[in-house]
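Only one structure is covered here, and it is reproduced in the block below.
The values are calculated or read from the model by the stated rules, or taken from the named source; none is laboratory data. Quick caveat, the model's predicted, so the values are computed rather than measured. All Cβ positions, glycine included, derive from the backbone under ideal geometry; neighbour counts span all protein chains shown.
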Amino acid sequence: MKHKIKLEIDTAPIKSILNQNKKQIKLGLSMCAHCALCAESCFLYISNDRDPEYMPAYKFINTIGRLYKKKGKVSKEALEKMGELVFDKCVLCTRCYCPFGIDIPSLITLGRRICRSQGVFREYDK
Amino acid sequence: MIKAKLKPLDEILGYIEPYEKILILGCGGCVSVCLAGGQKEVRLLQSELASKLDQKKEVKQISGYTVERQCNQQYMKELDEIAQNVDCMLSMACGAGIQLLAERHHKHPVFPAVNTVAIGVDLDVGIYEERCRACGECVLAYTAGICPVTRCAKGLFNGPCGGTSGDRCEVSPDVMCAWHEIYVRLKAQNRLEDILKFQPPMEWKNQVKRTIVQAGYAHRYFKK
């Protein structure tokens, strides 16, 4: 599913995106109470038998959240797995609701930006 | 979804001729799905332009970047810094995305790299067919789900015209008459009376910039 151009991960652009958006990522991660209310607002979660991987919180915690905690040092395989979460399991409809006001779509967008910076993106002709 | 097609390379080269630093900007929305302007197509255009310029012995700095959606300001912020270092931008988004980009970066020349063709359906990978022109006056309820604006050569709301010949259109024997198809389907559904319901002419809303506000959101944007 994913485009594989670069053989290794180039951490410089990842770190740059993480640093530019540090406050937002940190705030999002610390505010998430794992209440799972966002799940009910995600049509993909509902239409995929409530698979937990479709929960908006799961998607941002396991992509941009993990990248932030690991300071961008992730393997290519890990980044490709993140690519599946942000591209295949989210359509960025921006309808996800967080009672604490976490801007989940923009955090998922950051995950997509990092994936794109490493040549990981969705291919529609495969 | 919106369907687009890459412009001829020579046309694109003509746009960027006076500039040195060019940014090709892809969109992760509809144009990615129709394989016209996503990240992959940005890479392809980048290398095709580089090769053409190489043949002409011209040197330009061509970079590529893809945002999630060019039709939404929210996804354009990340571009602000990148745009400062380029002379012009080549957008691979649909017409709406290109215009929003040009509006946000009004000091930069913004050129289209694709032609926005239609709102269409996917026949297979890489092949699409027009189904809607977003006229804003949908009559599909009376036309058995066949759009006369898109499929009739004259875009007639009330048809067929005198040019129909059997099941073919007068413009070409290869073109089916949309109103014949409408007739056949309505007849099969036993509701031929719908073809006789007069549809008033379109108000040519395409001539003005239409704004869509969904029911339930009007109070946010309009004072009572």
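Taking the criterion of being in a helix (DSSP H, G or I), more than 18 Å from A:Lys23 (Cα to Cα), within 11 Å of another protein chain (Cβ to nearest Cβ) and among the aliphatic types (A, V, I, L, M), the only residue of the stretch A:69-126 that qualifies is A:Val86.
Looking only at the stretch A:98-126, how many residues end up being aromatic (Phe, Trp, Tyr) and over 19 Å from A:Ala36 (Cβ atoms)?
Here the count works out to 2.
When you check B:Glu41 against the structure, is it modelled with pLDDT of 95 or more, touching a strand residue (DSSP E or B) at 6+ places or on another chain (Cβ under 9 Å) and under 26 Å from A:Ser16 (Cα atoms), yes or no? So B:Glu41 fits the description; yes. With respect to B:Gln46, is the statement that it is over 23 Å from B:Tyr128 (Cβ atoms) and surrounded by 14 or more Cβ atoms within 10 Å (Cβ to Cβ) true? Yes, satisfied. Against the conditions (1) at pLDDT 95 or above; (2) assigned to a loop (DSSP other than H, G, I, E, B); (3) not charged (D, E, K, R), B:Val59 satisfies every one except (1). Scanning the stretch B:151-170 for residues that are within 22 Å of B:Ile119 (Cβ to Cβ) and part of a loop (DSSP other than H, G, I, E, B) returns B:Cys152, B:Ala153, B:Lys154, B:Gly155, B:Leu156, B:Phe157, B:Gly159.
Take the stretch B:195-217 and flag every residue that is on the phi > 0 side of the Ramachandran plot and modelled with pLDDT of 85 or more. Selection gives nothing. The number of residues in the stretch B:15-73 being among the charged types (D, E, K, R) and closer than 14 Å to B:Met92 by Cα comes to 5.
The residues of the stretch B:103-127 that are closer than 20 Å to B:Leu13 by Cβ and among the small types (Gly, Ala, Ser) amount to a single one, B:Ala113.
B:Gln99 meets each of the listed conditions (1) away from chain A (no Cβ under 14 Å); (2) within 15 Å of B:Leu13 (Cβ to Cβ) apart from (2). When the test is whether a residue is within 14 Å of chain B (Cβ to nearest Cβ) and under 29 Å from B:Ala36 (Cα atoms), A:Cys42 does not pass it.
Taking the criterion of being over 30 Å from B:Cys161 (Cα atoms) and assigned to a loop (DSSP other than H, G, I, E, B), the residues of the stretch B:192-224 that qualify are B:Lys209, B:Thr211, B:Ile212, B:Val213, B:Gln214, B:Ala215, B:Gly216, B:Tyr217, B:Phe222, B:Lys223, B:Lys224. Note on the stretch B:17-29: residues that are buried (at least 23 other Cβ atoms within 10 Å of the Cβ) and either part of a helix (DSSP H, G or I) or in contact with a Pro (Cβ under 9 Å, 6 or more places away or on another chain) (or both) total 0. Screening the stretch B:33-52 for residues that are in contact (Cβ under 8 Å) with a residue 24 or more places away in the chain and in a helix (DSSP H, G or I) and picking the one that is farthest from the other protein chains (Cβ to nearest Cβ) gives B:Lys52.
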